[in-house]
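The values are calculated or read from the model by the stated rules, or taken from the named source; none is laboratory data. Note that the structure is predicted; figures quoted are calculated from it, not measured. Cβ sites come from the backbone with ideal geometry, for glycine too, and all protein chains shown count toward neighbours. Surface areas here come from the heavy atoms of the whole protein model, side chains and all, with no ligands, DNA or RNA. Shrake-Rupley method; radii C 1.70, N 1.55, O 1.52, S 1.80 Å.
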2 protein chains.
Amino acid sequence: MSLSFVPYPELERIRSLDVEPVERVAAFADACRVNTLTMIEHAGSGHIGTSFSCMDVLSWLQLEVLGEGDRYFSSKGHDAPALYSVLIGLGRIEFEKLFGLRRLGGLPGHPDVRTTPQVVTNTGSLGMGVSKARGFVLADRLAGRRGRVFVLTGDGELQEGQFWESLQPTANRRCGEITVIVDHNKLQSDTWVSKVSDLGDLERKVEAFGWAVRRCDGHDLGAFSSALAELQASEPERPKLIVADTVKGCGVHRMEPHDVPDEETSLYGFHSGAPGPEEYATGLNELLERLNGRLERLGVAPVGLEERDAPARRAPERPQRLIQAYSEALLAEAEREPRLVALDADLRLDTGLVPFRERFPERFVECGIAEMDMVSQAGAMALAGLLPVCHSFACFVTPRASEQIFNNASEGTKVLYHGSLVGLVPGGPGHSHQMVRDIALMGSVPGMAAVEPYCEEEVARVLEWAVHEAQGPVYVRLVSPPWPLGFEPRVDFAPGRGTVLREGEEGTFVCTGPVLVSQAYAAAEQLGDWGVIALPWLRGADGEWLADLAQGRIVCLDNHVLAGGQGEAVLAALPDEARARTTLIGVDRVPECGTNDEVLRAHGLDADSLAARVRAVTHA
Amino acid sequence: MSLSFVPYPELERIRSLDVEPVERVAAFADACRVNTLTMIEHAGSGHIGTSFSCMDVLSWLQLEVLGEGDRYFSSKGHDAPALYSVLIGLGRIEFEKLFGLRRLGGLPGHPDVRTTPQVVTNTGSLGMGVSKARGFVLADRLAGRRGRVFVLTGDGELQEGQFWESLQPTANRRCGEITVIVDHNKLQSDTWVSKVSDLGDLERKVEAFGWAVRRCDGHDLGAFSSALAELQASEPERPKLIVADTVKGCGVHRMEPHDVPDEETSLYGFHSGAPGPEEYATGLNELLERLNGRLERLGVAPVGLEERDAPARRAPERPQRLIQAYSEALLAEAEREPRLVALDADLRLDTGLVPFRERFPERFVECGIAEMDMVSQAGAMALAGLLPVCHSFACFVTPRASEQIFNNASEGTKVLYHGSLVGLVPGGPGHSHQMVRDIALMGSVPGMAAVEPYCEEEVARVLEWAVHEAQGPVYVRLVSPPWPLGFEPRVDFAPGRGTVLREGEEGTFVCTGPVLVSQAYAAAEQLGDWGVIALPWLRGADGEWLADLAQGRIVCLDNHVLAGGQGEAVLAALPDEARARTTLIGVDRVPECGTNDEVLRAHGLDADSLAARVRAVTHA
């Protein structure tokens, strides 16, 4: 499949057109939409809807507003493809990186100051933007520098408490240097913001915190520029916020939400992921028509394109689909346990809650992007006799609600926590989403059981145990992407124990989750006389059992940092003798961004690296 | 010293007086103030200012408002002495517990559902109240039960993002069952709310989130009752909030803030801690005058009192004062390092920042009770070239800002984090404040150094290293209460290594912090041929060095849960041979509340228990 893109000289030509700025920037934005579409299609994933909704505002800021000493960043961060396209179009990021989105050494799924020029701060964890902006302003003031800070936020993002926490101190310190633009495209990850957790009267709310607020059409650059100018002129010491009404997916009819009914159960299809080949072709044509229409009206030549082959991608063979297995298991347990209620933080699609929501609408609580609120709410529900299950990606629920989770545990009740998207893969979204600290966070909560299944069957066993047998709170850790094991799974399920998948006298891998179990299994085959034990218990392993069955060198693998991970817990649980023959291998730094294969290799956790690392240990 | 209290029959007489409810409740509240004063004086610590400011509202709710199925709790939680006094006065907690505040088996420093009747939920971590209230309401609705929920909050507490995060969903779900009362006493931990982080137009803000709001004098029960009745009648489906204007310390002139100037540097003296003997006597007389004046006006007999001796208390001998040492060290480093800025979350007194604020006002940023905001702000400051140091109690900053701390670390900058009040002691405030998870939380952040000094001299060395030598972020963990070691401290400071305080061939304790080092030292003396190594590095120990010097059985002690604590990290760092002679001892459950001695003993971490536990291990 061939992908089209607008080459750099054409981008340069468009942004240098001697026409009204509003016309020039709109054309540049559409050219960047073309490149964003291609960038995401080439990468195989990326947030396209939000990249398109913010593209006009972003282009205006970059081309017409930002000056020496000014800073711009997106607080939501997942609109990174839009930012990259614009910076590429401005010659500030090398053009070839257009084909490096979500690749190792390329452009990460969310912005990263360490790898990408012009990136001001790392974002992707929501709600931090205004706090960061104030940090920049106060640092500048202390240094006697003068600069403005422009922050783009999402709208769903405004459900996060940190946004509101940060507003009043910003007004109190008279941070007029700060302008926030809300990319108000009305759709968050799953569906309409108004249906997930309505924002109420946003303008009135922000104004009540002492900010100056305007609202305008975020695709009408004249209106946007007037709102901006008006705010800058009128109230110099007040922080400013513009609610920019935008359309998610703007520019491609099919990616705009025309067909998403105004209902809680609607799902919007273009939040993340790459369009299919047909969607790509249609979208490209539409964008080109739009762009060339503009150029024609300006009396200049249509855009010249170049082409590049899309990389071949193959679907994994017979993968384990843990989220789907979870989805089914939760439904099954909910049929047996009427006290079970499910809480969600705007990830019902990704955490497998859609069937639950359909079957038990009255036992489903959509909380929006408000993890602290979700968890404390669940704590009270447990005190009132329910069995709440809190759902989100591990990177969001386990750190953001850490104090709330401990608070619940201190009450001696039972709350279940679902944390998915754990570990290094998918490698594309980057470190804000690659959660490698959650075992430490959850395992350190007294009384908390922490369990991670490695295959679909084990998901069902884990959930059954968690719902019916566990006496206290349980953290269920789940790898999200479908993942092939390379062997036929088998499960021996018993508290503290695991499944011996392969025996070997030289050594034994101990690990869990489909990613590491598959790599360990393949490494053991390479090494020859090596065994593999899949141990779902992240803490509380039966050390005597393990020491008996794990022959030779015991190598514990963690899809997590070593600190507070499964390996350290296993080591502590082992009897003295077995401790002296144990090696721990895990993630040793902030996760790299790239394809799954690239990332596993970069961290030395793919099968080949594991085999080599084990040889180095055992032959040392 | 003798303490006076209002015995149960007198409380019963007062709350049964056949007079206007407003008069009866006011008298009951004053009687409860007497008992609260005595309760806190007997305990030696407790939050008196806030207990007095909310006493009238609390008494009104408990005596006149709450009915079958209704729930009341305080979100701030540190007004627990007021709640206990009222519940004791109502016969719902046994009277003798008046003398059990902050004692093992008594009444914990913050409310606990597991130990205290009538307590609805555990609080003490701020900002969770409305989320919990909604959880109760939704659970009740699901069960077909009908009940109202009354939540008391502080005003400083409203700086927390979770409060604002929880407001909109509560309005969206039409939780008219919920009434929040803000105990607006205008003073938070350190000083005036308006000087720490002003709340702005609180009524307008809350109304903008779709709530019904009223404001009244919180010591005028007629006004409060009217506001409540008006709200309940007028808008049944909207959640309700009353801003109750109160006076911190209300009832004792000297505890009211008459002498606290309206300045940022003012400090209010009666937030926590017990009054001195003279203050107690004056306060008691004033409260009795107030109470008997009311009774006289009602034409009934003055209150009859009983007496009880106050327990003897002795100050620790030659204690290590780590916070004071930190305070001095920070000042010294700030003189040498002009990029150093200090951020505080309303604990400048407790974290030792008062001298810094005086010396470098322009390099001091007071953030209020807004840990997420503080940490993200610091991250941006670091990107802009400063060296920010974030301060708070470990129980607040390390879990509440966990995602923000990781986000900062992902940028490769250097931010320092001060977490004090760590571990089991002080044992009085209870588990919301006894932080035993912070090593896991901070140690799992890639690149984060985590260090805990055991004596004053080591505090200075740690800070010098953190400011001038550390390449990345550092977590400095500090025990707060002055603590005697029982020996003369000595420091050998080198990365990964510690100080051999005592040698012994049978075994060696490895630990840090004054609490455990002192207990280990005393235990080693009991055991005879035992050594003690103080190891400040919570992760990254030099295992070879340790294995060489630590003879016999190595016993790692953690003032922390084992999961992700120092012991597990040391075990992993040790060479194979030494791992096989290592034992880990740490906290194994949610911390108990009590005196420091009681708590250490309950967790088996006092010297006697340690000696016994070691004997059990080595003679097994």
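If a residue has to be within 19 Å of A:Phe356 (Cβ to Cβ) and open to solvent by 10 Å² or more (accessible area, probe 1.4 Å) to count, how many in region A:406-416 make the cut?
Result for region A:406-416: 1.
On the given criteria, is A:Pro446 closer than 22 Å to B:Pro446 by Cβ and either open to solvent by 10 Å² or more (accessible area, probe 1.4 Å) or part of a helix (DSSP H, G or I) (or both)? Walk me through how you get there before you give the answer.
Numbers: closer than 22 Å to B:Pro446 by Cβ: no; either open to solvent by 10 Å² or more (accessible area, probe 1.4 Å) or part of a helix (DSSP H, G or I) (or both): yes.
Criteria not met by A:Pro446.
Restricting to region A:190-207, and then to whatever is under 12 Å from B:Ala208 (Cα atoms), of a type outside the set (A, V, I, L, M, F, W, C) and part of a loop (DSSP other than H, G, I, E, B), can you tell me which residue is most open to solvent (accessible area, probe 1.4 Å)? Even if it seems obvious, please write down each step before you answer.
Filtering region A:190-207 for residues under 12 Å from B:Ala208 (Cα atoms) gives A:199-207.
Those still in the list that are of a type outside the set (A, V, I, L, M, F, W, C) too: A:200-201, A:203-205, A:207.
Imposing the further condition that a residue be part of a loop (DSSP other than H, G, I, E, B) reduces the set to A:200-201.
Details: A:Gly200: 37, A:Asp201: 73 Å².
So the residue we want is A:Asp201.
Cβ-Cβ distance below 6 Å, separation of 6 or more or different chains: which pairs start in region B:589-609 with a residue that is over 23 Å from B:Leu527 (Cα atoms) and end on one that is of a type in the set (Ser, Thr, Tyr) and crowded, with 19+ Cβ neighbours inside 10 Å?
Once the first residue is over 23 Å from B:Leu527 (Cα atoms) and sits in region B:589-609, its partners that are of a type in the set (Ser, Thr, Tyr) and crowded, with 19+ Cβ neighbours inside 10 Å give B:Val590/A:Ser410.
Which number in (1) surrounded by fewer than 18 Cβ atoms within 10 Å (Cβ to Cβ); (2) more than 23 Å from B:Cys54 (Cβ to Cβ) marks the one condition that B:Gly210 misses?
Exception for B:Gly210: condition (1).
Across region B:298-339, what is the number of residues that are over 23 Å from B:Pro514 (Cβ atoms) and of a type in the set (Val, Ile, Thr)?
Of the residues in region B:298-339, 2 are over 23 Å from B:Pro514 (Cβ atoms) and of a type in the set (Val, Ile, Thr).
A quick yes/no check of all residues on (1) within 8 Å of another protein chain (Cβ to nearest Cβ); (2) within 19 Å of A:Ala325 (Cα to Cα); (3) in contact with a strand residue (DSSP E or B) (Cβ under 7 Å, 6 or more places away or on another chain):
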{"position": "A:Val389", "(1), (2), (3)": "no, yes, yes"}
{"position": "A:Phe393", "(1), (2), (3)": "no, yes, yes"}
{"position": "A:Asn407", "(1), (2), (3)": "yes, no, no"}
{"position": "A:His418", "(1), (2), (3)": "no, yes, yes"}
{"position": "A:Val425", "(1), (2), (3)": "no, yes, no"}
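So which of B:Leu441, B:Leu463 is more than 14 Å from chain A (Cβ to nearest Cβ), in contact with a helix residue (DSSP H, G or I) (Cβ under 8 Å, 6 or more places away or on another chain) and open to solvent by less than 10 Å² (accessible area, probe 1.4 Å)?
So the residue among B:Leu441, B:Leu463 that is more than 14 Å from chain A (Cβ to nearest Cβ), in contact with a helix residue (DSSP H, G or I) (Cβ under 8 Å, 6 or more places away or on another chain) and open to solvent by less than 10 Å² (accessible area, probe 1.4 Å) is B:Leu463.
Residues of region B:112-125 being open to solvent by 10 Å² or more (accessible area, probe 1.4 Å) and in contact with a Leu (Cβ under 9 Å, 6 or more places away or on another chain), which ones?
Within region B:112-125, B:Val113, B:Thr115, B:Pro117, B:Gln118, B:Val119, B:Val120 meet the criteria.
With respect to B:Phe509, is the statement that it is open to solvent by less than 20 Å² (accessible area, probe 1.4 Å) and either in contact (Cβ under 8 Å) with a residue 12 or more places away in the chain or among the charged types (D, E, K, R) (or both) true?
yes
Show me the helices (runs of 4 or more DSSP H) found entirely inside region A:1-111 where at least 2 residues are at pLDDT 95 or above, of a type in the set (D, E, K, R) and open to solvent by 30 Å² or more (accessible area, probe 1.4 Å). Spell out how you get there, then give the answer.
Working: elements: A:8-15, A:21-43, A:48-60, A:80-89.
Where helices (runs of 4 or more DSSP H) fall fully within region A:1-111 and carry at least 2 residues being at pLDDT 95 or above, of a type in the set (D, E, K, R) and open to solvent by 30 Å² or more (accessible area, probe 1.4 Å), they are A:8-15, A:21-43.
For region B:165-189, how many residues meet the condition of being open to solvent by 10 Å² or more (accessible area, probe 1.4 Å) and within 13 Å of chain A (Cβ to nearest Cβ)?
Going through region B:165-189 one residue at a time, the tally reaches 7.
Does region B:243-263 hold any residues that are over 23 Å from B:Cys32 (Cα atoms) and either open to solvent by less than 60 Å² (accessible area, probe 1.4 Å) or in contact with a strand residue (DSSP E or B) (Cβ under 7 Å, 6 or more places away or on another chain) (or both), and which are they?
B:Val260, B:Asp262
What is the residue count in region A:454-480 for residues that are within 21 Å of the chain's Cα centre (by Cα), over 20 Å from A:Val375 (Cα atoms) and not small (Gly, Ala, Ser)?
Going through region A:454-480 one residue at a time, the tally reaches 1.
Could you list, in sequence order, the residues of region A:268-291 that are in a loop (DSSP other than H, G, I, E, B) and surrounded by fewer than 15 Cβ atoms within 10 Å (Cβ to Cβ)?
Result: A:Gly273, A:Gly276.
Quick check: is even one residue across region B:246-253 modelled with pLDDT of 95 or more and either within 14 Å of chain A (Cβ to nearest Cβ) or not in a loop (DSSP other than H, G, I, E, B) (or both)?
yes
When region A:462-518 is examined, which residues are found to be of a type in the set (Lys, Arg) and part of a strand (DSSP E or B)?
Those that are of a type in the set (Lys, Arg) and part of a strand (DSSP E or B): A:Arg477, A:Arg502.
Could you identify the single residue in B:Ala223, B:Ala133, B:Ala139 that is among the small types (Gly, Ala, Ser), open to solvent by 10 Å² or more (accessible area, probe 1.4 Å) and in a helix (DSSP H, G or I)?
Working: B:Ala133 fails: open to solvent by 10 Å² or more (accessible area, probe 1.4 Å); B:Ala139 fails: open to solvent by 10 Å² or more (accessible area, probe 1.4 Å).
One residue alone meets the criteria, B:Ala223.
Residue pairs, Cβ under 6 Å, 6 or more apart or interchain, first in region B:1-20 and touching a residue at least 12 places away in the same chain (Cβ under 8 Å), second surrounded by 19 or more Cβ atoms within 10 Å (Cβ to Cβ) and among the charged types (D, E, K, R). List them.
Qualifying pairs under 6 Å: B:Leu3/B:Glu41; B:Leu17/B:Arg24.
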